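Written below as structure tokens is the structure these notes are about.
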Amino acid sequence: MIWTGVTKARGAARFLETRRLLTLVLAGALVWSLTGVDWGGGIVHTGGGNAFKEFLTALFPPELSPGFLKLAIAASWQTLVHAVAGITLALAIGLALGVVASGSLGHLGRSRLAIAVAARFLLAIMRSIHELVWAVLFVTAFGLSSLAVVLAIAIPYAGILGRIYSELLNDVPDGPLDGLRSSGASPAKVLVYGRIPLALTDMIGYSFYRFECAIRAAAIMSFVGIRGLGYEIQLSLNDLLFSEVWTLLLFLVGLVLLVDYWSTRVRRSLGS
Amino acid sequence: MTAAASIIEGRGLAKSYGAITALSSLDLTVGRGERVALVGPSGSGKTTLLYILAGLIPLDHGQLVLRSKPVADLRPGKELSEIVGLVQQQLDLVPQLPVIQNVLAGRLGQWGLLRSLASMFSAHERGEVVEALSRLGIADKIDERTSQLSGGEQQRVAIARLMLQAPRIILADEPVSSLDPARAEEILRLLTEVAADSDRTIIASLHAPELIRKYFSRVIGLREGKFQFDIPVQELTTQRLDALYDLDRRHQS
């Protein structure tokens, strides 16, 4: 008994020694690798400091002329409209596919599992392609229209929302569901009276977060030539008009903060 | 108890979870209007038995006949919910819903899907909910969020749901274990009153001997999935309970 104890202690000590040695070797390798870096130049863009300073000082003040503000408001509105339309469509598609993918609709009988797996697969395809790639595809198909942006946001976001919804709907506690079942509720009724109310606060919270992301995505659609905040930012950047860039960035931040505020209000009223 | 008056007929009821035997071949006959208390230490199989009687989990072996129909032949939903209903601790309510919706959930077995959906938005049968809740003394809470209610009030909401479901057999899984003695007694009184209304059968698991003696007619002792005793409540002695809960043995060692 005593001897096995000693051997065990020895084994543990040896393991610690090995680990320390390994740490030392790896730290040595890191230091040695630093000698391989050419410190002479090229690591930092030498003119970058000045350009950055110029960019920062342009914030004081940003471009606030009435004409430009009007343009910024119009661009913000366009971006917001794209984001709202995209996320709304995503909510509807995501909820429908998410419910099916969660497998909580028992009435589909024996094919239930197959249908759930198919829905999960579809959601995975939708979200594995980035919204910009979808945008390129839809601009090719529909031209530079709002429809292209809305679909480009709606499809990958529906994929993400559907996946999260299906998880949230499955992760609710069993107790309340058993209570409903013992009252004779079918799976569809358990969904409406149990799963959805139990998961709703989290579902809404996550949807709002995705709405913020959708605003960002709608803004960045300028990369494929669609108008909005991102498009104006790109134009001003090309002309090196940094004060204008700042104004537009502030509008973008303002939009996101607005959604954040709304989300807080809604969640408070749900009283989680 | 004659066979004609019995509402539950179980033969060789068995259930195991992997290597753990929850119930080993139980025979159980319960008559109409009987008030049965189920006692036994945690893990003795009380909850499993109640869930099997409620048709919520399937049997491994054995035959269960409810109201002279094999439970497998009862259509889940309407038919089963007319025969059995279950009250759990407080967990059977959906805390996010208003009280009225939690009570109306008792009707989900009888309502079709469309009616259930519609009721979620504009509640059907509000009058009956008010009636049930006022009998339980919480009519003023009808539109409150269920999570805002105290434990005792939530338990009343669960009873109100049961009143709307109106099953022939009321099953209650430790309905008063989380309540203080005064509230526990109140809840049991209400529960047994609702049962007595139309000669319903009630089977409840609980631990307090004085409440068992006051509100029940028959006591079944369960331990490690087997019945240790099945006696009229008059024969319930402290020694029997101590032996069931292992209290005497702990004293000796």
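The values are calculated or read from the model by the stated rules, or taken from the named source; none is laboratory data. Here the structure is a predicted model, which means the values were calculated and not measured. With ideal geometry, Cβ positions are generated from the backbone for all residues, glycine too; neighbour counts draw on all protein chains shown. Side chains are part of the model used for accessible areas, which takes the heavy atoms of the whole protein and leaves out ligands, DNA and RNA. Shrake-Rupley method; radii C 1.70, N 1.55, O 1.52, S 1.80 Å.
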*Label-point separation in nm, A:A13 to B:E79, each point 7 Å along Cα→Cβ*: 7.5
*How much length, in nm to one decimal, is gained on full extension between A:S145 and A:A74, taken as 0.36 nm per residue of separation minus their Cα-Cα distance?*
23.9 nm
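Using protein heavy atoms only (no ligands, DNA or RNA), what is the total accessible area buried between A and B, 1.4 Å probe, nearest 100 Å²?
In total, chains A and B hide about 1900 Å² from solvent.
Counting heavy atoms of the protein chains only and a 1.4 Å probe, report the per residue accessible area for chain A as a whole number of Å².
Values: 15720 Å² over 272 residues.
With the other protein chains kept in place, chain A gives 58 Å² per residue.
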*Mind giving me the FRET efficiency for B:E224 and A:A29? R0 is 60 Å, r the Cβ-Cβ distance, nearest 0.05 is fine.*
0.50
*What is the mean number of Cβ atoms from other protein chains located within 10 Å of the Cβ atom of each residue in peptide A:187-197, rounded to a whole number?*
5
_Lysine-lysine proximity count for the protein assembly as shown, Cα under 29 Å, sequence distance 8 or more or distinct chains_ = 18
_Volume in Å³ per residue [convex hull over Cα atoms, computed for the range A:63-270]_ = 119
*asked:* 7 Å from Cα along Cα→Cβ at both B:T238 and A:I115: what's the point-to-point distance in nm?
replied: 6.1
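Which order do the peptides A:240-252, A:163-175, B:162-174, A:17-29 take when ranked by the mean count of other beta-carbon atoms within 10 Å per residue, highest first? It would help to have the intermediate numbers written out before the result.
Working: A:240-252: 19.6, A:163-175: 17.8, B:162-174: 22.5, A:17-29: 9.8.
Final packing ranking: B:162-174, A:240-252, A:163-175, A:17-29.
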*Could you point to the residue in A:S186, A:G159, A:A96 farthest towards the positive end of chain A's charge dipole, with +1 and -1 charges on the Cβ of Lys/Arg and Asp/Glu respectively?*
A:S186
*Can you pull the percent of the range A:63-270's accessible area that's carbon plus sulfur, 1.4 Å probe, other chains left in place?*
68
*Among rounded, prolate and oblate, which fits the range B:93-165 when a ≥ b ≥ c are the square roots of the eigenvalues of its C-alpha gyration tensor, a/c under 1.5 means rounded, and a/b larger than b/c means prolate?*
prolate
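So what is the calculated 222 nm ellipticity per residue for chain B, using -39500 (n - 2.57) for each DSSP H run with n of 4 or more, over all residues, to the nearest 500 deg cm²/dmol?
Values: 10 runs with 92 residues, N = 253.
Calculated at 222 nm, the ellipticity per residue is -10500 deg cm²/dmol.
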*All other residues with a Cβ under 14 Å from the Cβ of A:Y165 taken together, and with Lys, Arg as +1 and Asp, Glu as -1, what is their net charge?*
+2
_Mean-position separation - Cα centroids, the range A:202-240 and the range B:103-133, in angstrom_ = 45
*Please state the Cα pair-distance histogram of the range A:189-266 with 5 angstrom bins from zero: what percent is in each bin?*
3, 14, 18, 17, 13, 10, 8, 6, 5, 3, 2, 1
_the protein assembly as shown - share of DSSP beta bridges that are antiparallel (%, nearest 5)_ = 55
*In a Gaussian network model over chain A where Cα atoms closer than 10 Å are linked, find which of A:T201, A:T88, A:T140 has the largest mean-square fluctuation.*
A:T140
*Using unit Cβ charges (K, R positive; D, E negative) and no other charged atoms, how large, in debye to the nearest 20, is the dipole of chain A about its Cα centre?*
1180
